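Worksheet for the structure shown next.
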């Protein structure tokens with residue numbers, strides 16, 4: 001069964017955005033800007049002029065950090081819904097990012113030959129991976 005649009009079954013659709021809900025929009029966006037170098041592209045305000053969201057460039061797609069009232073949820077392993085966001089890096093970038101994450105109090109929770117796993121300040125799982133480059 002194909003999920004391609006009906007106009008052209010061979011065409012795949014590029015990712016437009018991922019959205020992370022948080023009670024700390026500025027803090028979570030700062031983490032992704034500073035650690036992963038994501039450039040801020042927009043800020044959205046609510047009707048009262050308060051910060052509603054910050055949009056960050058993922059290199060074509062966007063990471064939208066959206067304000068919500070729910071506390072962070074911690075997914076262990078593979079869970080329902082989005083449970084991991086992986087960034088493509090080189091082996092030297094992986095080592096540097098591991099040090100950066102550890103220095104920010106975000107310990108590396110696991111490693112494979114190609115990938116290291118950690119969490120952002122809200123507990124969302126993230127990975128830095130150079131697969132298949134050794």
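Each value in this text was obtained by applying a stated rule to the coordinates, not by laboratory testing. Because the structure is a prediction, the values reported are computed rather than measured. Note: ideal-geometry Cβ built from the backbone for every residue, glycine included; neighbour counts use all protein chains shown.
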request  = Specify the residue with the greatest mean-square fluctuation among 118, 47, 61, computed from a Gaussian network of the chain linking alpha-carbon atoms under 10 Å apart.
outcome  = 47
remark   = Mean projected area (nm²) from the convex hull of Cα positions in the range 72-134 is 4.2
query = Which residue, 53, 12, 80, tops the fluctuation ranking in a GNM of the chain built on C-alpha contacts under 10 Å?
reply = 12
key: Stretchable slack from residue 70 to residue 111, in nm (0.36 nm times residue separation minus alpha-carbon distance)   = 11.8 nm
message = Could you tell me the extents of the chain's C-alpha atoms along the three principal axes, largest first, rounded to whole Å?
response = 44, 42, 27
task = Tally the DSSP beta bridges in the chain and give the antiparallel ones as a percent, rounded to 5.
result = 65
note = Dividing the helical contributions, -39500 (n - 2.57) per DSSP H run of n ≥ 4, by the residues of the chain yields a 222 nm value, nearest 500 deg cm²/dmol, of -6000 deg cm²/dmol
query = Build a GNM of the chain with springs between Cα atoms under 10 Å: which of 28, 58, 45 gets the top mean-square fluctuation?
reply = 45
inquiry  = If neighbour count is taken as other Cβ atoms inside 10 Å, put 17, 130 in order from fewest to most.
reply    = 17, 130
ask   = Measuring from centroid to centroid over Cα atoms, what is the spacing of the range 93-134 and the range 63-91 in Å?
value = 13
